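Trainee: Okay, here's the structure, questions in a sec.
The values are calculated or read from the model by the stated rules, or taken from the named source; none is laboratory data. Please read all numbers here as calculations on a predicted model, not as lab measurements. No Cβ is skipped: glycine too gets one built from the backbone with ideal geometry, and neighbour counts run over all protein chains shown. The accessibility values were calculated without ligands, DNA or RNA, using every heavy atom of the protein model including side chains. Shrake-Rupley method; radii C 1.70, N 1.55, O 1.52, S 1.80 Å.
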Amino acid sequence: MSEVIVRPSARILLVDDRDRILLYRGLGLMKDPGYAWFTPGGGVDDGEELNQAAARELREETGHTVTPEELGRVVATSSGHWRHGDGRLFLSLDSFFFLRVGRVEVDVSSMEDLERSMMDRFHWWSTPELRATGERVVPLGLTGLLERLLAGDVPDEPVVFPWHHPEPS
């Protein structure tokens with residue numbers, strides 16, 4: 001087996017004043033990625049704390065600025081392997097923060113060129129829309145946790161989402 005590259009990421013469950021969550025649609029970096037809807041967020045830089053990375057990614061991907069402390073604690077995690085299109089094997093360690101905001105005008109102008117090239121749209125999803133969609137949404141189990149969080153039930157320990165890719169060979 002090839003060397004595994006560990007990739008921690010900080011992601012944000014960003015919910016607006018109408019109880020809708022922001023998701024982006026795009027292609028992943030995997031072989032045969034296919035489209036999926038996913039939360040804002042991304043890789044944690046060396047020496048960066050999870051909440052610092054989440055605040056940075058939120059600013060870069062949405063234009064919305066918060067302090068790392070405003071993000072609170074991690075509400076969910078997910079982890080698993082995936083293989084990059086160039087053959088490298090990664091172990092993703094995804095951590096999710098929950099943030100309620102008022103109205104947000106999404107501004108993607110600070111996204112990296114690669115990110116912008118892989119995403120074709122964003123949408124604010126209601127929980128009924130998420131329940132009804134036939135499109136791929138990651139992380140798996142997002143709707144159930146979102147309903148719980150919107151009801152004010154923040155878990156004492158992070159919820160563990162199942163991994164959303166098959167194990168690479």
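Trainee: Among (1) surrounded by fewer than 18 Cβ atoms within 10 Å (Cβ to Cβ); (2) not in a loop (DSSP other than H, G, I, E, B), which single condition is Asn51 missing?
Mentor: (1)
Trainee: Tell me, yes or no, whether the stretch 155-164 has at least one residue that is touching a Ser or Thr at 6+ places or on another chain (Cβ under 6 Å), open to solvent by 80 Å² or more (accessible area, probe 1.4 Å) and among the β-branched types (Val, Ile, Thr).
Mentor: For the stretch 155-164, residues touching a Ser or Thr at 6+ places or on another chain (Cβ under 6 Å), open to solvent by 80 Å² or more (accessible area, probe 1.4 Å) and among the β-branched types (Val, Ile, Thr): present.
Trainee: Still on this structure: Kindly provide the set of residues from the stretch 102-112 that are of a type in the set (Val, Ile, Thr) and at pLDDT below 85, ordered by number. Quick ask: steps written out before the conclusion?
Mentor: The initial filter retains those residues of the stretch 102-112 that are of a type in the set (Val, Ile, Thr), namely 104, 106, 108.
Of everything in the stretch 102-112, just one residue is of a type in the set (Val, Ile, Thr) and at pLDDT below 85, namely Val108.
Trainee: Return the residue satisfying two criteria in turn: it lies in the stretch 57-111 and is acidic (Asp, Glu) and in contact with a strand residue (DSSP E or B) (Cβ under 9 Å, 6 or more places away or on another chain), and of such residues it is most open to solvent (accessible area, probe 1.4 Å).
Mentor: Going through the stretch 57-111, the residues acidic (Asp, Glu) turn out to be 57, 60-61, 69-70, 86, 94, 105, 107.
Narrowing the set further to residues that are in contact with a strand residue (DSSP E or B) (Cβ under 9 Å, 6 or more places away or on another chain) leaves 57, 60-61, 70, 94.
Details: Glu57: 10, Glu60: 32, Glu61: 4, Glu70: 105, Asp94: 15 Å².
Here the residue is Glu70.
Trainee: Is it the case, given these coordinates, that Ala36 is open to solvent by less than 30 Å² (accessible area, probe 1.4 Å), in contact with a Pro (Cβ under 7 Å, 6 or more places away or on another chain) and in contact (Cβ under 8 Å) with a residue 12 or more places away in the chain?
Mentor: The answer is no for Ala36.
Trainee: Also, quick follow-up: Suppose we keep only residues that are charged (D, E, K, R) and at pLDDT 95 or above within the stretch 18-44. Which one would you say is farthest from Arg136 (Cα to Cα)? Reasoning before the result, please.
Mentor: In the first step, residues of the stretch 18-44 are kept if they are charged (D, E, K, R); the result is 18-20, 25, 31-32.
Of the ones still in play, those that are also at pLDDT 95 or above are 18-20.
On the way: Arg18: 23, Asp19: 20, Arg20: 17 Å.
Selected residue: Arg18.
Conditions tested, residue by residue: (1) exposed (fewer than 15 other Cβ atoms within 10 Å of the Cβ); (2) part of a strand (DSSP E or B); (3) within 15 Å of the chain's Cα centre (by Cα); (4) modelled with pLDDT under 95.
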position: Leu114; (1), (2), (3), (4): yes, no, no, yes
position: Ser117; (1), (2), (3), (4): yes, no, no, yes
position: Pro128; (1), (2), (3), (4): yes, no, no, no
position: Arg131; (1), (2), (3), (4): yes, no, no, no
position: Gly134; (1), (2), (3), (4): yes, no, no, yes
position: Thr143; (1), (2), (3), (4): no, no, yes, no
position: Leu146; (1), (2), (3), (4): no, no, yes, no
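Table: residues versus (1) touching a Cys at 6+ places or on another chain (Cβ under 6 Å); (2) more than 18 Å from Leu145 (Cβ to Cβ); (3) free of Cβ contacts under 8 Å to residues at least 12 places away in the same chain.
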| site | (1), (2), (3) |
| --- | --- |
| Gly47 | no, yes, yes |
| Ala54 | no, no, no |
| Thr65 | no, yes, yes |
| Arg73 | no, no, no |
| Thr77 | no, no, no |
| Gly80 | no, no, no |
| His84 | no, yes, no |
| Leu89 | no, yes, no |
| Leu93 | no, no, no |
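Trainee: May I pose another question? Quick one: what pairs do we get from the stretch 118-133, first residue within 10 Å of Arg20 (Cβ to Cβ), second of a type in the set (Gly, Ala, Ser) and buried (at least 16 other Cβ atoms within 10 Å of the Cβ), C-beta under 8 Å, 6+ apart or different chains?
Mentor: No pair meets every condition.
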